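What follows is one structure encoded as structure tokens, with my remarks underneath.
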Amino acid sequence: MIKVKSLKKNFYTNGKVIPVLKDINVEINTGEIVALCGPSGVGKSTLLHLLGLMEEPTSGVIELFGTDTSVLDANSKADFRKQHIGFLFQFHYLLAEFTVHENLLIPVRIKNSTADPRDKIKDLLKKLGLEDFAGRYPNELSGGEQQRVALARAVINRPGVILADEPTGNLDKENSEIVVNLLIDEAKNCNSNLIIATHNTELAKKTDRIIYLRDGKVT
Ligand SMILES: Nc1ncnc2c1ncn2[C@@H]1O[C@H](COP(=O)(O)OP(=O)(O)OP(=O)(O)O)[C@@H](O)[C@H]1O
Ligand SMILES: [Mg+2]
């Protein structure tokens, strides 16, 4: 379960305060799949970065699976992130010098799992229709294929929460459909929370609930 209480985020540029998130209060149940919507610049990405412990809130509390994350130091946050959180971005950010298999191996190794991940990687690639691509480099794949590999990377450690920021923003209609369906399937499989920031209303309709942000608050 995810609980966000009185969350505030200001940015500071050129001596000016930019209040982006003003007072966010929201609870997301275990396994719930939600879309995060609202106009451009409203703070959707900012909220995902805060939920992923990649940025510090100005004030307020983010509770993830019973842990109040505001009391964690930087090392504990990094630990928490690798144990519980998976990210999927608009641009895949796969590592160009590594093969598909190696790109998936990295998060498993970072998590410090002792189990041999080879079968797990193979199974996941098969499920995503990528079984023939394990030895290829990212630049040898289409945009949709790259995004499916990034999806595999986001879910390989079966995170409690998957944060997806415009995961289909860069894809055509057909590939968007494929990626979203796979993403929702994987989240359901792992009983993970899935939070998708998106402008795509078709995509948003597939989730359990749409959270709208407006003027720094949930409406
Ligand atoms: N590091 C920063 N410094 C100053 N302002 C920032 C910073 N990061 C984001 N902002 C501002 O915060 C606001 C929210 O940005 P954010 O990227 O969260 O919006 P968004 O809802 O994801 O928009 P989009 O739909 O276009 O992706 C914007 O006005 C943006 O200019
Ligand atoms: Mg954004």
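The values are calculated or read from the model by the stated rules, or taken from the named source; none is laboratory data. This is a predicted model, so every value here is computed, not measured. Here Cβ is always computed from backbone atoms with ideal geometry, including for glycine, and neighbour counts include all displayed protein chains. Areas reflect the complete protein model, heavy atoms only, side chains present, ligands, DNA and RNA absent. Shrake-Rupley method; radii C 1.70, N 1.55, O 1.52, S 1.80 Å.
Please compute the modelled spin-label separation between F98 and E63, points set 7 Å along Cα→Cβ, answer in nm with one decimal.
The modelled label-to-label distance comes out at 3.5 nm.
Determine the gain in length on full extension of the stretch N191-R158; use 0.36 nm per residue of separation and subtract their C-alpha separation, reporting nm with one decimal. Don't skip to the answer; put the middle values down first.
Working: separation 33, 0.36 × 33 = 11.88 nm, distance 0.87 nm.
Result for the pair: 11.0 nm of gain on full extension.
For the range 125-142 and the range 15-85, what is the separation of their Cα centres, given in Å?
Between the Cα centres of the range 125-142 and the range 15-85 lies a distance of 32 Å.
Between the helical axis of 100-111 and the dominant principal axis of the chain, each derived from Cα atoms, what acute angle in degrees is found, rounded to the nearest 10?
The answer is roughly 50 degrees.
Extending each Cα 7 Å along its Cβ direction at K205 and D172, get the distance between those two points in nm, one decimal.
Placing both labels 7 Å along Cα→Cβ, they lie 2.2 nm apart.
Pairs of alpha-carbon atoms within less than 8 angstrom and 6+ residues apart define the contacts here; what relative contact order does the chain have, in percent?
32
For a protection proxy built on the mean count of beta-carbon atoms within 10 angstrom, sort 144-157, 176-189, 122-135 highest first, please.
Values: 144-157: 23.1, 176-189: 18.3, 122-135: 15.4.
Ranked from most to least packed, the peptides come out as 144-157, 176-189, 122-135.
Can you give the convex hull volume per residue for the Cα atoms of the chain, as a whole number of Å³? Intermediate results must be reported in sequence, preceding the final value.
On the way: hull volume 28.8 nm³, N = 219.
Looking at the chain, the number lands at 132 Å³ per residue.
Could you state the accessible area per residue of the chain in Å², with a 1.4 Å probe and every protein chain left in place? Before the final figure, lay out each step's value.
Working: 10990 Å² over 219 residues.
Dividing the accessible area of the chain by its residue count gives 50 Å².
Could you tell me what % of all Cα pairs in the range 141-198 have separations over 12 Å?
Numbers: 1031 of 1653 pairs.
Every Cα pair in the range 141-198 considered, those over 12 Å come to 62 percent.
For E55, put the label point 7 Å out on the Cα→Cβ axis and report which residues of the range 200-219 keep their amide N under 20 Å from it.
200, 211-219
So what are the ³J(HN,Hα) numbers for the range 112-126, from phi and the Karplus equation (6.51, -1.76, 1.60; θ = phi - 60°), rounded to whole Hz, Gly and Pro as x?
6, 6, 8, 5, 6, x, 4, 5, 4, 5, 4, 4, 5, 4, 5
Over the chain, with every protein chain in place, what whole percent of the accessible area is carbon and sulfur at 1.4 Å, could you tell me?
Numbers: 5290 of 10990 Å².
Exposed carbon and sulfur together represent 48 percent of the surface.
Could you sort E140, E102 by accessible area so the largest value comes first, with the probe set to 1.4 Å? Each step should come with its number before you reach the end.
On the way: E140 95, E102 65 Å².
In descending accessible area the options line up as E140, E102.
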